[in-house]
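Right, one structure below, let's go through it.
The values are calculated or read from the model by the stated rules, or taken from the named source; none is laboratory data. Everything numeric here is computed off the predicted structure, so don't read it as measured data. Glycine gets a Cβ as well: all are built from the backbone with ideal geometry, and neighbour counts include every protein chain shown. Keep in mind that these areas ignore ligands, DNA and RNA; they rest on the heavy atoms of the full protein, side chains included. Shrake-Rupley method; radii C 1.70, N 1.55, O 1.52, S 1.80 Å.
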Amino acid sequence: MRYIISLIFCCLFTMNMHAQVYLANKVVNLPKGRYTLYELMQEVKHQKQLSFSYNAKALNGDMVIVLKGQYTDMDQLFAHLRKQYHIGHHIVGKHIVLYKTKGRKKAQRKNISTVVKTGTRKDTILSKVAISPEAFIGPLVWEPSVHTLSDSSSQIVPAGATALAESSVNTRELFRSKGLRAAPFRPALALRPFAEAMLYADELFYLNPQLSVGTNGLYVSLSYAYRNTGAHLRYGIGYRQELDAKSTVRVYASWGQPKASTSVFYDSIIPPDSLTIRIENTVRSEANLFKAGLVYEYALSKTVGLQVGIVFNHMRTWFYFGASDQTVALNSLPPQLGISDPSGFEIFKTPYQLSTTISMDKPSYDKSWLGFHAGIVFMPFAKRER
């Protein structure tokens, strides 16, 4: 009987090692791109019907994993995780335990009582299984599929095992004895909210404070474009994409309504006493200004970055005279005003002008030009995990 038990141990240990080698070389299809650790585990699980667990205190499921090329097998993936992100793994059957390899604390080994099933219904062996705590310090997070482990085959976990065997451990007894909690279901696309403050300058407005909030790179913004003429609030939407640990590219669009007024006057002689009086009024210019920008951002730290970019501008302007709400062409104003150059009623002059339709005989005009963007961004709650 003693020789038979020893033979069973050797066979099961050999099968376990064979399963690890087989699993490590399974072919996967992981395109180049950015994943959270959770999304990466979900993708592998969906392709190869695997289950994962990890220590929630040691590993953050939202940390960003960058795959710079096509990964086609599990061995490549695990080597990349260990080298670049200090994430190790243990494989038992179709279950993979992830753990932190850098700065891990040594912990005492504990014996956990588990129930091991054999091939017959009558025989139930109670044994002490020594499980390494390096992957189980703190609350253990389980993927949803981990709880249903197969009991179809007979397998005894050898002493010193560092993970839970897929087919040997009664998970109901383990959860009862250790009080482990199951992680709630999360969608594959995890939400990563963020907030930022920005201060930038452009070719027209020398001071532009801005606040933005968003998630997964998409954000909305509120800013104030400051200038002695035409200062106004602006509303925007944008998207930011991190290229690597230091570089980010963002595209954005914003809208605002700058306004300006120009005083005009002329002298009028009132008969019969030839009394001269000065008549004064205003020509108002009101516009819609649209901006679309492409900005490169370089991170000085996890929370501070510098920005530089190019911006396309398009503005439509309408002319009004006095308190009237009706648009007017400049050549329809009283001739005594002596208006001959419409450019004097522009809200502001623009460099790098692409086109303009301003004229004396039109109540509105369009104008386009290229500008620049240069500033600094603060992201106090940013998580740049590489």
Of all residues in the range 49-88 being within 17 Å of Ala245 (Cβ to Cβ) and charged (D, E, K, R), the one that is nearest to the chain's Cα centre (by Cα): Asp62
Residue list for the range 30-71, restricted to those being closer than 15 Å to Tyr99 by Cβ and among the hydroxyl-bearing types (Ser, Thr, Tyr): Ser53, Tyr54
Residue match in the range 349-356 (condition: under 20 Å from Pro209 (Cβ atoms), open to solvent by less than 70 Å² (accessible area, probe 1.4 Å) and touching a residue at least 60 places away in the same chain (Cβ under 8 Å)): no
Residues of the range 62-89 that turn out to be touching a helix residue (DSSP H, G or I) at 6+ places or on another chain (Cβ under 6 Å) and either buried (at least 19 other Cβ atoms within 10 Å of the Cβ) or assigned to a strand (DSSP E or B) (or both), as a count: 6
